[in-house]
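Contents: one structure, followed by commentary.
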Amino acid sequence: MKHAVFLPACLLALVLTACGAAASVDSAMPGAAPVPTATPEETTPAAAPAAPYSDLRYLPWLDSCTKQTYQPGEYSLADLYTYTYNTGTVFAGAEDEAAALLEACKDPGLGVRSLQARGMTGKGVNVAIIDQPLLTDHPELAGRIVAYCDTGCEGQTTSMHGPAVASLLAGKTIGVAPDVSIYYAAWPSWLEDSRYAADALDWVLEQNDTLPEGEKIRVVSVSASPSFSDTFQNVDLWNAAVARAEEAGVLVLTAEGAGAARYRLMPYPAILDPADRDTPAACRTGFPTGDEFPELAKNALALPCTYRTVAEEYTAGQYSYTHCGQGGISWGIPYCTGVMALGWQADPTLTGEEIMRYLLRSAATGTDGSRIIDPVHFIEMVEAKRDAR
């Protein structure tokens with residue numbers, strides 16, 4: 001059985017397509033045969049194209065995703081970047097555009113590729129992920145996961161969520177920090193029991209105890225809220241495990257934040273600008289389907305979750321990718337963790353509190369006045385503080 005919690009996630013710029021954002025797939029395609037004019041008796045209502053932000057993935061075992069091929073008229077080329085679709089989805093007549101968009105959305109944006117070009121890849125930094133199970137052989141992750149633990153996933157060996165978050169953090173062509181080493185603990189979040197997450201975090205700490213000074217695990221990425229008692233039971237066990245992690249100097253970043261007191265970091269989802277994805281100030285907080293402005297905490301940091309491509313593997317050896325129409329905070333947690341890893345590569349002496357302080361101080365101001373993560377400015381600040389010592 002394939003277990004998956006399908007959270008929406010990612011998109012990018014239609015400027016990459018050859019047809020332009022205003023073009024419609026209903027329009028005449030190059031080389032297409034003329035369409036005969038129907039008599040009134042022959043006229044049938046044209047099928048409406050899929051609505052923006054529709055989930056059009058091809059997952060034949062999932063009742064809502066069994067359709068594989070979309071003909072012209074069943075989709076809109078102008079809305080292609082809003083759709084959630086995967087490698088198996090076929091947009092007849094726009095196969096090249098869909099493939100190019102999926103490939104382009106692997107770029108983390110916000111100048112991360114410029115940092116990677118000068119060697120900032122997280123090399124030498126150990127991190128951990130606590131998430132749903134995954135198969136470790138996807139080309140995006142090959143060699144990155146140095147240890148793996150299953151805390152009780154009921155025989156499940158993969159998911160949608162696990163490969164996605166791991167690739168956003170450390171994917172070879174997707175990740176913010178493609179050279180980090182990952183300690184991965186799988187937990188069955190669908191059981192809504194934080195006991196498993198606590199067991200996973202304790203396993204991470206056990207691994208950390210075996211590592212020499214200078215090679216300790218710096219941060220744990222958790223794209224969930226195990227301390228949220230309205231959803232999970234046994235949150236006290238999780239909170240106790242987090243306290244043990246903090247005492248050991250390991251930062252734990254969840255959907256509800258990280259750290260304590262004045263330097264606690266509170267993550268929020270942000271939207272990359274499809275036409276200017278490398279500029280933090282062009283982002284805004286929230287989701288592309290809504291214009292509401294969330295009430296942000298004092299130490300809020302918005303993280304890019306929308307307009308991304310993630311790794312996918314449901315069957316061993318069948319590697320694929322998903323491009324999604326929009327993403328939740330689950331996609332922002334590994335992004336932030338990756339940026340933190342770049343900071344620790346630049347200055348391994350930094351504490352978790354210092355890392356969060358620099359992230360907040362270096363943040364850009366988005367189009368809606370929110371604080372947006374700025375990886376380039378963050379690394380510049382880390383390097384300047386390091387060099388001034």
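The values are calculated or read from the model by the stated rules, or taken from the named source; none is laboratory data. Note that the structure is a prediction, hence the values are computed from the model and not measured. Because the Cβ atoms are built from the backbone with ideal geometry, glycine has one as well, and the counts that use them run over all protein chains shown.
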Exercise. Can you name the residue in segment 92-134 that is among the acidic types (Asp, Glu) and touching a residue at least 24 places away in the same chain (Cβ under 8 Å) and, of all such residues, is nearest to Tyr335 (Cα to Cα)?
Worked result: Asp107
For this session: Considering only residues that are under 24 Å from Leu211 (Cβ atoms) and β-branched (Val, Ile, Thr), look in segment 137-158 and name the one that is surrounded by the fewest Cβ atoms within 10 Å (Cβ to Cβ).
Result: Val146
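Quick check on segment 356-386: of everything there that is of a type in the set (A, V, I, L, M) and touching a Phe, Trp or Tyr at 6+ places or on another chain (Cβ under 7 Å), which residue is surrounded by the fewest Cβ atoms within 10 Å (Cβ to Cβ)? Outline the logic, then answer.
First pass over segment 356-386, keeping only residues of a type in the set (A, V, I, L, M): 356, 359-360, 363-364, 372-373, 376, 379, 381-382, 384.
Applying the additional criterion that residues be touching a Phe, Trp or Tyr at 6+ places or on another chain (Cβ under 7 Å) yields 356, 359, 381-382.
Details: Met356: 25, Leu359: 26, Met381: 18, Val382: 22.
Here the answer is Met381.
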Problem set entry | Residue pairs meeting the criteria (Cβ under 6 Å; at least 6 apart or on separate chains; first in a helix (DSSP H, G or I), in segment 305-330; second not charged (D, E, K, R)) | Ile329/Ala255; Ile329/Pro267; Ile329/Pro269; Ser330/Leu7; Ser330/Ser223
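Could you tell me how many of the residues in segment 367-389 are assigned to a loop (DSSP other than H, G, I, E, B) and modelled with pLDDT of 95 or more?
Residues of segment 367-389 that are assigned to a loop (DSSP other than H, G, I, E, B), as a first pass: 367-370, 373-374, 389.
Subsequent filtering for residues that are modelled with pLDDT of 95 or more retains 373-374.
Summing the residues that are assigned to a loop (DSSP other than H, G, I, E, B) and modelled with pLDDT of 95 or more in segment 367-389 gives 2.
Every residue, every condition in (1) assigned to a helix (DSSP H, G or I); (2) of a type in the set (Asp, Glu); (3) without any contact (Cβ under 8 Å) to a residue 12 or more places away in the chain, yes or no:
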residue: Ser225; (1), (2), (3): no, no, no
residue: Ser229; (1), (2), (3): no, no, yes
residue: Leu253; (1), (2), (3): no, no, no
residue: Pro274; (1), (2), (3): no, no, no
residue: Asp278; (1), (2), (3): no, yes, no
residue: Leu296; (1), (2), (3): no, no, no
residue: Ala302; (1), (2), (3): no, no, no
For this session: Being polar (S, T, N, Q), at positive phi and loosely packed, with under 14 Cβ neighbours inside 10 Å is the filter here, so list the residues in segment 204-257 that pass it.
Result: none
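Does Gly290 fit the bill of being in a loop (DSSP other than H, G, I, E, B) and within 21 Å of Val165 (Cα to Cα)? Step through it out loud before you land on a result.
Values: in a loop (DSSP other than H, G, I, E, B): yes; within 21 Å of Val165 (Cα to Cα): no.
So Gly290 does not fit the description; no.
Give the residue, chosen from Thr309, Thr351, Thr367, that is of a type in the set (S, T, N, Q) and under 27 Å from Pro163 (Cα atoms).
Numbers: Thr351 fails: under 27 Å from Pro163 (Cα atoms); Thr367 fails: under 27 Å from Pro163 (Cα atoms).
Residue meeting the stated conditions: Thr309.
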